[in-house]
Amino acid sequence: MTILITGASGRTSGFVLRALLDSLSVAPSDLRLFVRSQAAAQRLKERYPQLMDSSFALGDYLEASTLGPALKGVDIVFHNGPAFNALESAMGIALIDAAKAAGVKHFVYCSVLFPVLTKLLNHKAKFYVEEHLIESGLNYTILQPTSLMQNVNLDLVVSTGILPAAYSPTTLQGYLDLEDLAAIARVVLLDPVTHNRARYELVGENCTFEDVARYISEQARKDIKVEPIARDQVRGRGATHVNVAGEYGVDALDRMLYYYDKRGITGNSNTVGWLLGREATNWPTRIRRDLKK
């Protein structure tokens, strides 16, 4: 069984890669990592020396000549597209078509919670990829994670005593631990038949920024204050992990933060618990674990 991981040098796919390498069921030779540059491949080899040169496929989603070779002999694809990119939908659709042409047996797509919220450009882009995947005829599983706990830079918050809030500190928001997402991806990738045609809404805990600050204060034993900041200052104040480029990216991020400020996006943690066979990781557990690291 060969598993292709796209965006392998990125944060989310990186967690999935680590989860698979930690599994006794997966050998480095079972993995193929789709990256854009030799430099990205080199960084991954330095982090995971067990990976071989043959583990990497260099290419571009929108360069058709690179997709066929990358997908040759691949059984399962895990795809996490580039967020806040104007061509995200086109990239996902191109990869799905190439996977079908290559005879891929199963396609796992990491989408977003509630892609039907089309006021949000980053959700709307994934809506079209989901639609194309469902209609493609491929066997598929769609993972729909909410905001990730790791979007909060825990080290920075503890060192400064400030939790920057790019939207209302009292808005209830859903969160998911990225390690839980990676563990769920591993469950699906290692037993895709069981999860065929499933769309999983993935939420670990609903809470506010005020709750998060209190949890960090309790676990770090340090007073943490929430500091609201204007949306146009978000990228310069460590309030988001996202690197946006161009007018589309800036607009997409601004719309998302405005939506979070007014409504938030909440969900239910039952699905995460069912898939993991345990309760979803909550904020205090995530904070304790990562502070120990």
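The values are calculated or read from the model by the stated rules, or taken from the named source; none is laboratory data. Bear in mind the structure is a predicted one, so any value in this text is a computation, not a measurement. Please note: Cβ atoms are built from the backbone with ideal geometry, for glycine as well, and neighbour counts cover all protein chains shown. Areas reflect the complete protein model, heavy atoms only, side chains present, ligands, DNA and RNA absent. Shrake-Rupley method; radii C 1.70, N 1.55, O 1.52, S 1.80 Å.
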Looking across the range 81-117 at residues that are charged (D, E, K, R) and touching a strand residue (DSSP E or B) at 6+ places or on another chain (Cβ under 9 Å), the single one that is nearest to Arg199 (Cα to Cα) is Lys105
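Listed here are the residues, each with its yes/no results for (1) open to solvent by less than 30 Å² (accessible area, probe 1.4 Å); (2) closer than 21 Å to Ile184 by Cα; (3) part of a loop (DSSP other than H, G, I, E, B).
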position: Ala90; (1), (2), (3): no, no, no
position: Ile93; (1), (2), (3): no, no, no
position: Ala101; (1), (2), (3): no, no, no
position: Val104; (1), (2), (3): yes, yes, yes
position: Leu133; (1), (2), (3): yes, yes, no
position: Gly137; (1), (2), (3): no, no, yes
Subset of the range 106-125, residues in a helix (DSSP H, G or I) and either of a type in the set (Asp, Glu) or open to solvent by less than 20 Å² (accessible area, probe 1.4 Å) (or both), comes to Asn122, His123, Ala125
For the range 6-20 the number of residues that are in a loop (DSSP other than H, G, I, E, B) and either farther than 21 Å from Asp75 by Cβ or out of contact with any Leu (no Cβ under 6 Å at 6 or more places or on another chain) (or both) is 3
- Query: Does the range 140-150 contain any residue that is open to solvent by 10 Å² or more (accessible area, probe 1.4 Å) and either of a type in the set (Lys, Arg) or out of contact with any Leu (no Cβ under 9 Å at 6 or more places or on another chain) (or both)?
  - Reply: no
Of (1) of a type outside the set (Lys, Arg); (2) more than 16 Å from Trp283 (Cβ to Cβ); (3) not in a helix (DSSP H, G or I), Ser159 satisfies every one except (3)
